[in-house]
Amino acid sequence: MDFAYMKNVLPLYEKAAVLTLRIGLEGIIFATFAGIVCAVILYEKVPVLRQLVMVYIEISRNTPLLVQLFFIYYGLPKAGIVLSAEICGAAGLAFLGGSYMAEAFRSGLENVAPLQRESAYSLGMGKLQTMRYVVGPQAVATSIPAFLANVIFLLKETSVFSAISLMDLMFTAKDLIGLYYKTTESLLLLVIFYLFILLPVSLTGAAVERRMKYAGSGS
């Protein structure tokens, strides 16, 4: 194991990790917003929009992120839409993640007892007030474990960003292996940096899930 090599290339991995994490978080933020909007449309059974959301979810969940990235990065310029690699990465992750987030939040909404909604209406609340103050908070609390699981899944999916020439962790590892043939050292650093990114989220998700189970058994 060449530790001197690992020390020398460490700054390259740090820079790549920052880029990977930044694009990943941007994609997750937009995916969360898209997921909330789609979940509400499905929950409220909004005509036309509900069908469109269902088509989007089927397309998104049944095509690989790599294919989606290729379409955005290489296909859209043919239509005159040219985006930077970073924007394409975030957009692809948001497109994929939005469907998974939508299912997570929809499940949370449907787990709220109908009586809660009916009680809110009987108190004179409108649909928006009921969603904001009664249904929404309960749905979000229920959706947290699934949300965190999706965050982990999407952060793992950032490993395909190298396919569109983004200098992410995977691209950096493959580039260094090609230059110096230090396969074991390069891959070990890749694993370590992904653990640094993913482990805190995974531990948070496990802690939240345990806490919710404890709260549920205590009630």
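Bear in mind that the values in this text are calculations on the coordinates, not laboratory data. Treat the numbers as computed from the prediction; the structure is a model and nothing was measured. With ideal geometry, Cβ positions are generated from the backbone for all residues, glycine too; neighbour counts draw on all protein chains shown.
The table for this structure:
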item	result
Volume of the Cα convex hull of the stretch 1-100, divided per residue and given in Å³	130
Alpha-carbon centroid distance for the pair the stretch 1-27 / the stretch 148-194, whole angstrom	9
Förster radius 25 Å - calculated FRET efficiency between Lys174 and Lys7, Cβ distance, rounded to 0.05	0.80
Under 28 Å, Cα to Cα: Lys pairs in the chain, sequence gap 8 or more or different chains	12
Principal semi-axes in Å for the chain [√(5λ), Cα gyration tensor, largest first]	39, 23, 11
Residue-wise HN-Hα coupling along the stretch 197-207, computed from phi with Karplus coefficients 6.51, -1.76, 1.60 (Hz; x: Gly, Pro)	7, 8, 4, x, 5, 4, 5, 5, x, 5, 5
For peptides 118-130, 140-152, sequence by mean Cβ density within 10 Å, most packed first	140-152, 118-130
Gain on full stretching of the segment that runs from Leu128 to Ser165 - 0.36 nm per residue minus C-alpha separation	8.9 nm
Sites Tyr121 and Phe196 - FRET efficiency at Förster radius 41 Å, r taken between beta-carbons, to 0.05	0.30
Inter-label distance for Glu110 and Ala79, nm, one decimal - labels placed 7 Å from Cα along Cα-to-Cβ	3.1
